[in-house]
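> Got a structure for you, written out below as structure tokens; questions coming shortly.
The values are calculated or read from the model by the stated rules, or taken from the named source; none is laboratory data. Small disclaimer: the values here were computed from a predicted structure and weren't measured. Cβ sites come from the backbone with ideal geometry, for glycine too, and all protein chains shown count toward neighbours. To get the accessible areas, we keep the full protein, side chains included, count just its heavy atoms, and leave off ligands, DNA and RNA. Shrake-Rupley method; radii C 1.70, N 1.55, O 1.52, S 1.80 Å.
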Amino acid sequence: MNETEALQHAAEIIKRGGIVAFPTETVYGLGADAFAPLAVARIFEVKKRPHFDPLIVHVAGPDDLGRLVTDIPGPAQKLINRFWPGPLTLVLPRRDEVPDIVTAGLPTVAVRMPRHAMALRLIELSGSPVAAPSANPFGYVSPTTAEHVREQLDDQVDLILDGGPCPVGVESTILSFSGERPRLLRPGGVPLEEIESVIGKVEITPVEKQTPSAPGMLPIHYAPRTPIVLAAKEEIDSYRNRKAGLLAFRESVKGRAFDHIEVLSRKGDFREAAANLFAAIRRLDALDLEVIVAEAVPETGLGRAIMDRLRRASCEDDKFNYDQSGS
Ligand code: TXA
Ligand code: MG
């Protein structure tokens, strides 16, 4: 099958109520027709995702929002004009027609227009907005290649579209417009600084303060099986006698005995580091190490999203053991 045929086939599957894994510029998504509750329910089953955690609805253009939201506040419209298509998700007041399973019964719906050509074409051909979480088992690192999806979900999805590695590599930035002021719910592919340059100051809720009832902000998330510890450069040395892997930001730290070292970006470029992040964590996780030591990165630009994912991956709080969440 060539790409056009594969996309047509994928759209047919979505129209018939199936589920398809597809590339976006951020990470691979697992999509269903947003207006087909049974298909969406299968996504939750396959991911073992708790039903209180709502999905992002992907649109082919701002015109599709008419079916989904009741209002687009001025600042949200400015961000749409500036950053769509792209890695920015907006949480807006929903229309009643949007199925509850998509929004977890919230009065809002999360929407985004991806920048990846295959994602856009798939949504267009499907003739409906596509609800899609990242295509990984709940709580695990998001997939940034079709191979990552195959490794974990192959026999459980109807089709996996292969669009190569995802160029951005971390999930979209999520901004909520449900309160009085815009609030950052998840740092991601569009840096906060760029958003604030368009709409001014945005409120931020730090990870520790986010309750699990603020969905998707679950502290432990993006976690590999191997424990991750987040370490400042000076602390890295203390792990040398363990069977440890190092996730370094820039040049590899010399003279230290690690079983394996992954360098996210030799030149210290945030974009390159973000694009490599999840694949590097997966490679380290496959090595049966005692611990993965992740070097802290500066929290500006995309560094904020990288640190957010590292913090969530390293959270060791027993309170957040989702195997017991009944999902
Ligand atoms: O880049 C991305 O955003 C990727 C690609 C596939 O588009 N998708 C993604 O989806 O990361 P997911 O499901 O892994 O994360 C979506 C987050 C969840 O944490 C969810 O709780 C939050 O968005 N979310 C969805 N609807 C929401 C709502 N109405 N209010 C607050 N948070 C919401
Ligand atoms: Mg996810």
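> Here's a check for you: in segment 110-165, which residue that is touching a Phe, Trp or Tyr at 6+ places or on another chain (Cβ under 7 Å) and of a type in the set (Val, Ile, Thr) is nearest to LEU38 (Cα to Cα)?
VAL149
> Select from segment 163-194 the residues that are among the small types (Gly, Ala, Ser) and either out of contact with any strand residue (DSSP E or B) (no Cβ under 7 Å at 6 or more places or on another chain) or open to solvent by 20 Å² or more (accessible area, probe 1.4 Å) (or both) and list them in ascending order.
The initial filter retains those residues of segment 163-194 that are among the small types (Gly, Ala, Ser), namely 163-164, 169, 172, 176, 178-179, 188-189.
Listed by number, the residues that qualify are GLY163, GLY164, GLY169, SER178, GLY179.
> Would you check if VAL170 is within 15 Å of PHE83 (Cα to Cα), in a loop (DSSP other than H, G, I, E, B) and within 11 Å of ligand 1 (Cβ to nearest atom)?
Taking the combined requirement at face value, the residue does not satisfy it.
> Cβ-Cβ distance below 8 Å, separation of 6 or more or different chains: which pairs start in segment 134-156 with a residue that is open to solvent by 30 Å² or more (accessible area, probe 1.4 Å) and end on one that is part of a helix (DSSP H, G or I) and within 12 Å of ligand 2 (Cβ to nearest atom)?
Qualifying pairs under 8 Å: PRO137/LYS47; PHE138/LYS47.
> Please verify whether segment 307-318 includes one or more residues that are at pLDDT below 95, part of a loop (DSSP other than H, G, I, E, B) and open to solvent by 50 Å² or more (accessible area, probe 1.4 Å).
yes
> Let me ask another. Starting from residues that are assigned to a loop (DSSP other than H, G, I, E, B) and among the β-branched types (Val, Ile, Thr), keep the ones in segment 16-50 and report whichever is surrounded by the fewest Cβ atoms within 10 Å (Cβ to Cβ). Write out each step before concluding.
Going through segment 16-50, the residues assigned to a loop (DSSP other than H, G, I, E, B) turn out to be 16-19, 23-28, 34-36, 48-50.
When the remaining residues are screened for being among the β-branched types (Val, Ile, Thr), the result is 19, 24, 26-27.
Numbers: ILE19: 25, THR24: 30, THR26: 29, VAL27: 27.
Of everything passing the filter in segment 16-50, ILE19 is surrounded by the fewest Cβ atoms within 10 Å (Cβ to Cβ).
> Exactly one of (1) more than 29 Å from ALA274 (Cα to Cα); (2) at pLDDT below 95 is unmet by PRO50. Its number?
PRO50 satisfies every listed condition except (1).
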